[in-house]
Amino acid sequence: MKWSQFFNTSIGKKLLVGATGLFLCSFVIVHLAGNFQLLYNDEGKAFNAYAQFMGHNSLIQFIAWGLKVVIILHALIALKLTFSNRAARPVKYAINPGNQTSSWFSRQMAIMGSILLIFIVIHLANFWGKFHYAEMPTRTYAGIEEPLKDLYALSYETFQNVWLVILYVIGMIGLSFHLIHGFKSAFQTFGLNHKKYNGLINFVGVWIFGILIPIGFALIPIVIYLKK
């Protein structure tokens, strides 16, 4: 079987979803670490320098565009899998088996993933799009020669809108639900689930990716809103 044919099968699509999902998991760690610099009491020096580096380094930009492709690929394949599974069983069970056949999280993956995708589009429009394609004020700092685009000020201005803060919290709830099931599911897809490691995989998937990371992202707009 050719690779193109293999990845058009159900198991091939699941492997692609798992691989792209794990790649995106590594990204959220780096992104959260960078975003926490918004809370430093340094008038935005650390965060704006970080944004300048991330936005103008050729290698980082290549990875960033690849990341956007991966997000789209992950979403499209996952949605195609969902529709294929529903089409294969057009008549619903007479009795809903509930968690006897799947977890609640797995049954909500399409909904939570769609919420998350909408959130990502809004997030990119609010920050990435403006940083790269809109006129932005700049700010100078001691020890840094060139003026930096003031993405720090834009972030604080954006999160004075309480509805955007609420939207970001909802987006992180979607991320939490998505990762609680998705992280463990990716390891199962690759056949890496084993009784020796399942406890660690579940702990990392639930407590780190499913709870701590989404809470960290959600706290940033909340703290910014309350500081002002």
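At a threshold of 8 angstrom on Cα-Cα distance, excluding pairs fewer than six apart, so keeping six or more, what relative contact order does segment 163-213 reach in percent?
Values: 21 pairs, mean separation 26.7, N = 51.
Averaging sequence separation for qualifying contacts and normalising by length gives 52 percent for segment 163-213.
Write down the accessible area per residue of segment 112-228 in Å², having rolled a 1.4 Å probe over the full set of protein chains.
Details: 6630 Å² over 117 residues.
In whole numbers, segment 112-228 has 57 Å² accessible per residue.
Cβ neighbours within 10 Å, averaged per peptide: list 138-147, 20-29 in order, most packed at the top.
Numbers: 138-147: 10.6, 20-29: 15.7.
Ranking the peptides 138-147, 20-29 by packing returns 20-29, 138-147.
Using the Cα atoms of segment 143-228, I'd like the radius of gyration and the largest Cα-Cα distance, Dmax, both in angstrom.
Expressed in Å, the Cα Rg and Dmax of segment 143-228 come to 17.9, 55.
At a Förster radius of 22 Å, what calculated FRET efficiency corresponds to the Cβ-Cβ distance of Ile211 and Ala134, to the nearest 0.05? Please list the in-between numbers first.
Numbers: r = 35 Å, r/R0 = 1.57.
Efficiency for this residue pair is about 0.05.
Residues with beta-carbon under 15 Å from that of Leu117, excluding Leu117: net charge, scoring Lys, Arg +1 and Asp, Glu -1? If you can, show how the numbers build up before the last one.
On the way: positive: Lys68, Lys80; negative: none.
Cβ neighbours under 15 Å give a net charge of +2.
For Phe62 and Ala153, calculate 0.36 nm times their separation in residues minus their Cα-Cα distance, and state this gained length in nm to one decimal.
Between Phe62 and Ala153, full extension yields 30.1 nm more.
Sort 179-185, 37-43 for me by packing, meaning the mean count of neighbouring Cβ atoms within 10 Å per residue, highest on top.
Values: 179-185: 22.6, 37-43: 13.7.
For the peptides 179-185, 37-43, the packing ranking is 179-185, 37-43.
If you roll a 1.4 angstrom probe over the protein chains with everything in place, what fraction of the accessible area of segment 113-199 belongs to carbon and sulfur, to the nearest %? Write out the running numbers ahead of the final one.
Values: 3180 of 5010 Å².
For segment 113-199, the apolar C and S fraction of the accessible surface comes to 63 percent.
The values are calculated or read from the model by the stated rules, or taken from the named source; none is laboratory data. Note that the coordinates shown come from a computational prediction; the quantities given were computed from them, not determined experimentally. So basically every Cβ, Gly included, is an ideal-geometry build from the backbone, and we count neighbours across all protein chains shown. Just the protein is used for accessible areas: all its heavy atoms, side chains included, with ligands, DNA and RNA removed. Shrake-Rupley method; radii C 1.70, N 1.55, O 1.52, S 1.80 Å.
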